[in-house]
Every structure is written in structure tokens, then in C-alpha cells.
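Since the structure comes first, as C-alpha cells, the remarks are kept for the end.
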Amino acid sequence: MYKKLFKKHLENFISILSKFGVVYAPVKKASKLYDFTELTDFKELQLKYTRTMIPPKKFFLKPKEPLYLLNKDKGFKEIVDDSKTVLLGVHSCDINAINLLDRVYLNQFPDLFYKTRRDNTIIIGVSCEPDENCFCTSTGSSHALRGFDLFMHEVDDRYIIRVGSLKGFQIISECKNILADTSLPDIKEFKRVEAERIKRISLNLNVNGIQDILDLSHDHSAWQENADICFGCGTCNLVCPTCRCYDVVDYLKLDLKNGLRARRWDSCMLRQHALVAGGLNFRPTRVERLYNRFNCKMSFSEDSLNCVGCGRCTVYCPADINFVEVLNQVRED
Amino acid sequence: MTSIEKLFYLRLVDSKAVEEFHYNPGQFLEISVPGVGEAPISVCNVQKTPGELQLCIRKVGRVTNAIHRLKEKDLLWLRGPYGNGFPMGVMENHNLLLIAGGLGIAPLRSVLQHALLHRDKYGLITVMYGVRCYSTMLFREEFLKLFREGDKLGVEFLLAYEDKSDAECYQLACERSDRCMSGLVTKLIEATPIKPDNTYAVICGPPVMYKFVVKELTQRHFTPAQIYMTMERRMKCGVGKCGHCITGSSNSIKYVCKDGPVFTYLDALKTRGLL
Ligand SMILES: Cc1cc2nc3c(=O)[nH]c(=O)nc-3n(C[C@H](O)[C@H](O)[C@H](O)COP(=O)(O)OP(=O)(O)OC[C@H]3O[C@@H](n4cnc5c(N)ncnc54)[C@H](O)[C@@H]3O)c2cc1C
Ligand code: SF4
Ligand code: SF4
Ligand code: FES
């Protein structure tokens, strides 16, 4: 089901959205830095943006998240955040990344905290503004087929809005006055604009059989060369929309009885990630950790990659390690 | 039990949990001490009385030290059981060869107990246990009894000790030189006429042990599917979320917590870094 919204009604549309929850949307923080921020001023909204530095995973798996109140004698009590949130302006790659996170966090052992945030968040996609670091057409994530409530395809002076869920349907039911049905010219324009958008994604990563290539290239010199310049800072994990490792820490108050169990983002590029008792480390060297991250990104499961081609790890790496170049180099020689 | 290992008897206090709580040999629990943290620990006995279980815990860090400081009737919090556990059903009607090093005997003890509880379902049971010395031997009374009288139950219990000058172990070696010898646990495999026919081998021990044991077994024509082993990794969640236990390269990624901790040697051959 598709509807049409003219841009002149966008502010009105957002005020209706705010009835469904606090609206977060991309806002410009510095010259090339966007962030999903609570939208208090319509003028700050940047629906045309390349990518946010921190992906929308931060809404479902927070960078630092209290999980339980704890008491030495009484044990644990969950702290769940069920505040209503509307996430406006999520790109296809990031929606596909959330779909991957869902497969981790909503599987046979659903994570209560993630699930509560997910159930209380409305996701509204928007067409992206690709740059030279995007390669989502290679990873099959240039379109989102599911995982959103509404998706707004920008077509000139309007958005063609696609309904993805019941909640999305309920939202557009509230917007009758400002929405219209799509017409034949809309469809024609939609096709043209989409084709142009896809054409702009020119970077290519050949993922065919990449899993065998990576396993067979364990001793390729590219790993060591890149490990030598890598700072081991973990930024690539932080900014990756599908990286979701976390650590758990207990905090005790001064009474030594009450406290908090919290989790926080962790990074497989850090030394202690695979460290166990007795000082044994299953990935003791940086080169092993780098190799592991590339492998993890190229395989989520037998049927899926764990990378959506957003380009963040390349853009934000302080050592200028280029994700696609490394993989292409490993394939080519 | 030793200077660093204690055996803990746990009873669930939540009556609803007692009904629902079932575990299999090789599964583990996430044990919490509020304010300190959580650690994965294997259950080391077979489930008999509902709501009762045993854990053998070595103090190595924050949580395990805190557990060691507990007194009788103190409270612990637990989640689980997690992990696949040993395929006790698959191994029925086969001989069992259990090979353990050090603390690795804890999960294998639950396999042994399970097989003894269902004695007619399993063939000959051979246990090979490697320790540093007598004083680090876990479940000592139990195992000495098996060492001496196991044959009545169809159990051959063999012991290897590393510390050549250990007097108690030396005495055991004098008692049964074919069942107790100085050296690593692999020495027992070398010295014992074991056949792979109709047999499953089950290994648990410190990470360095696996390669050597597997080598001995494959030389004896055990196939990679006849060898089970249980693995350790850093674990936080135990349920496939936190990413700490992920192992492998992109053509085979395994979560030790939910795909394991029990794997076959075939899994290890396919999954880089698992062994
Ligand atoms: C499936 C499974 C089953 C297990 N079963 C048992 C069992 O039956 N019995 C048993 O005793 N153990 C068992 N273990 C091992 C046990 O879970 C670990 O020893 C656990 O780490 C102990 O937790 P801890 O908090 O006491 O140690 P921690 O405080 O986590 O520290 C342990 C060691 O890890 C290192 N370390 C941890 N974090 C850091 C850091 N941030 N920086 C630097 N170094 C660090 C240190 O070397 C330290 O000595 C099992 C493990 C697994 C995975
Ligand atoms: S962001 Fe770059 S420098 Fe930092 S850990 Fe990742 S690859 Fe290394
Ligand atoms: S690996 Fe890099 S390009 Fe792929 S999803 Fe993560 S941050 Fe984006
Ligand atoms: S322990 Fe968290 S994913 Fe396995």
C-alpha cells in the first residue's frame, strides 16, 4: 500500500507522528556529522543525509544500559524502558541492520530489554543519499523489504510512502488530510528517481564465495599489513550498525548492598574480548582480531552476510583502513 | 575438594522453578553474585532430586572468589540451563571413552553418572583422568572407589599424574600399573588398547589438551564424528547475544554458548579456531 505526501505537509506530518512517541531524526551536528537526535525544532531536521556516525542500534541496544536493580539479598529486578519512540529517517541499510539485530535479540531466547525497546519504537525509513563509500548494492541491502512501519521514498517535491506494518497503517489513517493516492506520473517518477539513486552507489564489493576466500586467505599478508596500522581503537565496532557485542558490569552503591547490573557496548578489536580465566586469550594478537572482524562481517549465518554496506567503518577509521579495499585485495592476490 | 576447588550443593528455593528445571550432562548455568557479576559454570552431577544440583567451582576471579566466600544456606542466583549438552541419546548402545584433564572432569562426571544411572543403555565405560598430583585430584573418594572397584560396574578408571615425585599417586601406580601412570593423559591412551569400534570419545580439559588427545584418537582411527568435546570461551550472556564466545571464520561461525559448548571434532575441523 502506497500513499503520497507533498513536502509542504512534512511539518504537519511530523506533528502527527509525535502523537505516537517522541520523534528522533537525523540532525546535523558538525560539517559531516549527523546524529539521530530528539527533534524539537523542525528546522533542524535533515532528511537528506549521507549517514549518521552512530547507527540507530543505539535505540535498541544502548551504549550504556542499566538492566537490573540488584540487592545482595533480594537479587535482581528488571529495569525496562518502554517509552514510545518514533525513529524518523532511517536508511535501507540501517533497517536491514536492525533486521539482523532482531535475528540475534528476538530469537529463541528473546532479550527482554531489546524487545521492549523494539516493540515501543516506530521506524520510518527514508531514501538515502549515497556517497562513494556506500556499497549496499553488493550486500543486498539497498532496499528494505521489511523491518519498518512506513518508508518514505523521496520523489522530487513529494514522498511516496509505503506502509510496512499495522502501526504504519494507523499513522497514515491519522494523516488522511495531507496524504493522497499515488498516480501514474508518481510511479514513473518513482522509477526514475530510484534508478538514479541506485546508480550513485558505484562502489562494488564482490561477495560471491567470499566466505571460502576469507577462510583460505587466513595467512594473506593484507591482514598483517592492516593490523600494523590499526590502532585497535574499536571505532569500527562502535559505528557498525550490525556490531552488537556487549559486556556486563555490576555496580555497587556505597552501602555495598544495592546496586545496578548494566551492559555496555564491547568491541572484538579490544584485547580482552576473548580473554578467559588464567590469562588465556583466544585472539591474543591484533591481526587475529582484525581477521576475525572481517570474517564476522562477511557471515551472519549460512544465508546472510553481517554487513549492510553502509561504509561507516571505512569513513570513521582513524587509520584509514578501507573495508572494501582490504576485502578486494584479499580476493585479488 | 582442593585448595582452589570446592563442590557446591545447590537447592532451588523457587518451587515453580523446581518443576521446570531440567538439565542434561554438559549444559551450564550462568551463576550470579549480585554486585559482583556472573560466570558460566557446568553442572557436574546428573539430575536426580528435582531442584538439586552440584557445581564444582575453581576460584580464579571475581565471581568465583565471591562464591567461594559463601557460607551454608547463602543465596546464589542462576539462569539456565544453557548450551546443547552431550548427546546422551546418540551415544546409547556404544562404549564410552571419557577423557578429562584437571577441572574438565566436572562436566564429564555428569556424563559418567548419567551412564551409570542408565547402565544397560551403554557399553563399557572407560574414564581417563589426568591430574597434576594427588592433591589436585577432584572427587577423590568417588574416583578412588571406581579405580579399585569400577570393574563391577563395567567401568575402567585410569589415572595419569604429572608430578613424578607424588607419593600418593606412586602408590596407586604400584597398586595397578595398568591403570595409573605418571605422565599426561595422552599417556593413558598410548598405553591402553582402545578400539574405535562402537565407541564415542568425550573430551574435556584445558584448551592445550585437545589437540594432543585428538591426535592420539585419530591415530587409533576414531572418525571426527566419534569425538565429542566441550569448549570454553569467554561468555557473558550464555544465550547467543553478547558475541563474546563467537568462534570461526566466515564459512563457519559458531557460538560456543548456544551451538555448543559440546562440539564434534568434525565441527572443529570445519570451524577455524574452535580447537
Ligand atoms: C561452558 C563453560 C563451563 C564452565 N564450567 C566451569 C565449572 O564447572 N567450574 C569452574 O570453576 N569454571 C567453569 N568455567 C570457567 C568459568 O566460567 C571462568 O573461570 C570464569 O571466568 C570465572 O569468572 P570469575 O568472575 O571468577 O573470573 P573473572 O573475574 O572473569 O576473571 C577470570 C580471569 O579472566 C581474566 N580477565 C577477565 N576479565 C578481564 C579483564 N577485563 N582484563 C584483564 N583480564 C581479565 C583474568 O585473567 C582473570 O584471572 C566454565 C566456563 C564455560 C565457558
Ligand atoms: S576503527 Fe580502524 S584503527 Fe580502529 S580498531 Fe577499527 S580498523 Fe583498527
Ligand atoms: S562492516 Fe562496515 S560497511 Fe559493513 S555494516 Fe559494518 S560499518 Fe557498515
Ligand atoms: S556468551 Fe554471549 S554470545 Fe555466547
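Going by Cα centres, region B:1-53 and region B:81-155 are how many Å apart?
First find each Cα centre; the distance between them is then 19 Å.
Over chain A, with a Gaussian network built from C-alpha contacts below 10 Å, which listed residue (A:217, A:301, A:138) shows the highest mean-square fluctuation?
So, out of A:217, A:301, A:138, the one fluctuating most is A:301.
May I ask you to give the average projected area over all directions of the convex hull of the Cα atoms of region A:151-201, in nm² rounded to one decimal?
Projected area, direction-averaged: 4.1 nm².
Which of B:97, B:112, B:146 moves the most in a Gaussian network model of chain B with Cα springs under 10 Å?
B:146
Expressed as a whole number of Å, what is the distance separating the alpha-carbon centroids of region B:185-217 and region A:168-245?
The distance from the Cα centre of region A:168-245 to that of region B:185-217 comes to 48 Å.
Given region B:37-179, what percent of its DSSP beta bridges are antiparallel, to the nearest 5?
If we restrict to bridges inside region B:37-179, about 5 percent are antiparallel.
Rounded to the nearest Å, what's the spacing between the alpha carbon centres of region A:40-64 and region A:265-290? Just the number, please.
Here the answer is 30 Å between Cα centres.
Return B:88, A:1, B:235, B:229 ranked ascending by Cβ neighbour count within 10 Å, so the fewest neighbours appear first.
In order of increasing Cβ crowding within 10 Å: A:1, B:88, B:235, B:229.
Considering only DSSP states other than H, G, I, E and B, which GluC sites (Glu not before Pro) in region B:32-74 qualify as loop sites with at most 16 other Cβ atoms within 10 Å?
B:72
Considering the dipole of region B:17-130 built from charges on the beta carbon (Lys and Arg +1, Asp and Glu -1) around the Cα centre, which of B:114, B:70, B:21 is farthest to its positive end?
The residue sitting farthest along the positive end of the dipole is B:70.
Filter the trypsin sites (Lys or Arg not before Pro) in region A:207-257 down to the DSSP loop ones having no more than 15 other Cβ atoms within 10 Å, then list what survives.
A:253, A:257
With no solvent and one equal point scatterer placed on each C-alpha of the protein assembly as shown, evaluate the Debye formula and give log10 I(q)/I(0) for q = 0.06, 0.09, 0.10 Å⁻¹, two decimals.
These q points yield log10 I(q)/I(0) values of -0.40, -0.81, -0.95.
Please compute the Kirkwood hydrodynamic radius of chain B from all pairs of different C-alpha atoms, in Å with one decimal.
With all distinct Cα pairs of chain B included, I get 19.3 Å.
Taking only C-alpha pairs under 8 Å that are 6+ residues apart, what is the relative contact order of chain B in percent?
17 percent
Quick check on chain A: of the DSSP beta bridges with both residues there, what percent are antiparallel, nearest 5%?
Restricted to chain A, the bridges split so that about 75 percent are antiparallel.
Compute the length gained on full extension between residue A:287 and residue A:225: take 0.36 nm times their separation in residues and subtract their Cα-Cα distance, giving the result in nm to one decimal.
21.5 nm
With +1 assigned to the C-beta of every Lys and Arg and -1 to the C-beta of every Asp and Glu, and no other charges, what is the dipole magnitude of region B:1-84 about the Cα centre in debye, to the nearest 20?
Numbers: 11 positive and 9 negative charges, 65 e Å.
I would put it at about 320 debye.
Can you list which of the DSSP-assigned H helices in chain A have a Cα extent of 30 Å or more along the long axis and an average Kyte-Doolittle score of at least -1.0? Show your work: numbers first, answer last.
Values: long enough: none.
Span-like helices, by this rule, are absent here.
Could you bin all the Cα-Cα distances of region A:203-333 into 10 Å bins starting at 0 and give me the percent of pairs in each, rounded to whole numbers?
11, 39, 32, 11, 6, 2, 0
Can you tell which of A:90, A:27, A:249 shows the greatest fluctuation in a Gaussian network model of chain A with Cα springs below 10 Å?
Among A:90, A:27, A:249, the largest GNM mean-square fluctuation belongs to A:249.
Charges on Cβ only, +1 for Lys and Arg, -1 for Asp and Glu, centred on the Cα centroid of region A:1-115; of A:1, A:109, A:79, which one is farthest towards the dipole's positive end?
Looking along the dipole axis, the top candidate is A:1.
Considering only DSSP beta bridges where both residues belong to chain B, give the percentage that are antiparallel (nearest 5).
Counting DSSP beta bridges with both partners in chain B, the antiparallel share is about 50 percent.
Values quoted throughout were computed directly from the atomic coordinates according to the rules given, and no laboratory measurement underlies them. None of the values given here were measured: they were computed from a predicted structure. Reconstructed Cβ throughout: ideal geometry from the backbone, glycine too, with neighbour counts over all protein chains shown.
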